[in-house]
Amino acid sequence: MKLEMKDSPGQLVAALKPISDVGGNIIAVIHQRDPESDNHTLNVQIVLALPEGRLDNLVTLLKEQGVNIQRIGKERLLYKRTIILIGHLMHTDLSDTVDQIDSTGFAEVCEISMSMPAINERSTSRVTIKATNRADMDAAIIILRRVADQKSLLLIEPLEEIA
């Protein structure tokens, strides 16, 4: 869920409480506070697991708290793999490498962690990709292999397979 709420003390806690009230489980909360915002709002993204049939009740409770629901979506990318990329990742445009996967519509990069020892040394990045199914994941890995070859990156794959 992507939420917008007043940026005032206690508002985030008040918005999270209805999730537990309907039996939901909070997996992750990401909030971005913009101190220069004129409307004094806080944008929050929440990843949660919710028992079947409880979403309408949650929406009602959130609205009662004065929370504006900007987006609600279900997880559609259920197959996950993690790979390692080694090379001059920033110099070869890491965002382009990510876009090659994200633009497929069936897979996307969902996590990146990186170690950059020095500006002229090779970087190491742990990249997690999610896809709709195993065949789509295989297609995404083929794209990533091609990109790694074009950019002279070492690709180590996969660390795990989770469906």
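The values are calculated or read from the model by the stated rules, or taken from the named source; none is laboratory data. These figures come from a predicted structure and were not determined experimentally. When we count neighbours, we look across all protein chains shown, and the Cβ atoms used for this are built from the backbone with ideal geometry, even at glycine. Just the protein is used for accessible areas: all its heavy atoms, side chains included, with ligands, DNA and RNA removed. Shrake-Rupley method; radii C 1.70, N 1.55, O 1.52, S 1.80 Å.
The helix-based estimate of mean residue ellipticity at 222 nm for the chain, built from -39,500 (n - 2.57) per DSSP H run of four or more residues and divided by its residue count, is -9000 deg cm²/dmol to the nearest 500.
When you restrict to C-alpha pairs under 8 Å that are six or more residues apart and normalise by the size of the chain, the relative contact order lands at 24 percent. Candidate cross-link partners of K2 among the lysines, defined by an alpha-carbon separation under 26 Å and a same-chain spacing of 8 or more, comprise K17, K63, K74, K80, K130.
Placing unit charges on C-beta atoms (Lys and Arg positive, Asp and Glu negative, everything else neutral), compute the dipole magnitude of the chain about its Cα centre in debye, rounded to 20. Please list the in-between numbers first.
On the way: 18 positive and 23 negative charges, 59 e Å.
That gives the chain a dipole magnitude of about 280 debye.
For region 65-150, what does the relative contact order come out to in percent, with C-alpha contacts under 8 Å and a separation of six or more? Computed over region 65-150, the figure is 37 percent.
Remark: spin-label model distance N133-E64 equals 4.2 nm, labels positioned 7 Å along the Cα→Cβ axis.
Split the accessible area of the chain by element, probe 1.4 Å, and carbon with sulfur accounts for 49%.
Estimated at the nearest 10 Å², the accessible area of M114 is 70 Å² with a 1.4 Å probe.
So what's region 106-147 giving for Rg/Rh, alpha carbon basis, Kirkwood Rh from the mean inverse pair distance? Don't skip to the end; give the middle numbers.
Working: Rg = 12.8 Å, Rh = 11.6 Å.
Radius of gyration relative to Kirkwood radius: 1.10.
Given N residues in the chain, what is its alpha carbon radius of gyration divided by 2.2 N^0.38 Å? Kindly include the intermediate steps, with their values, before the conclusion.
Working: Rg = 19.5 Å, N = 163, 2.2 N^0.38 = 15.2 Å.
Rounded to two decimals, the normalised Rg is 1.28.
Protein-only accessible surface at a 1.4 angstrom probe places the residues L144, L48 in the order L48, L144, largest first.
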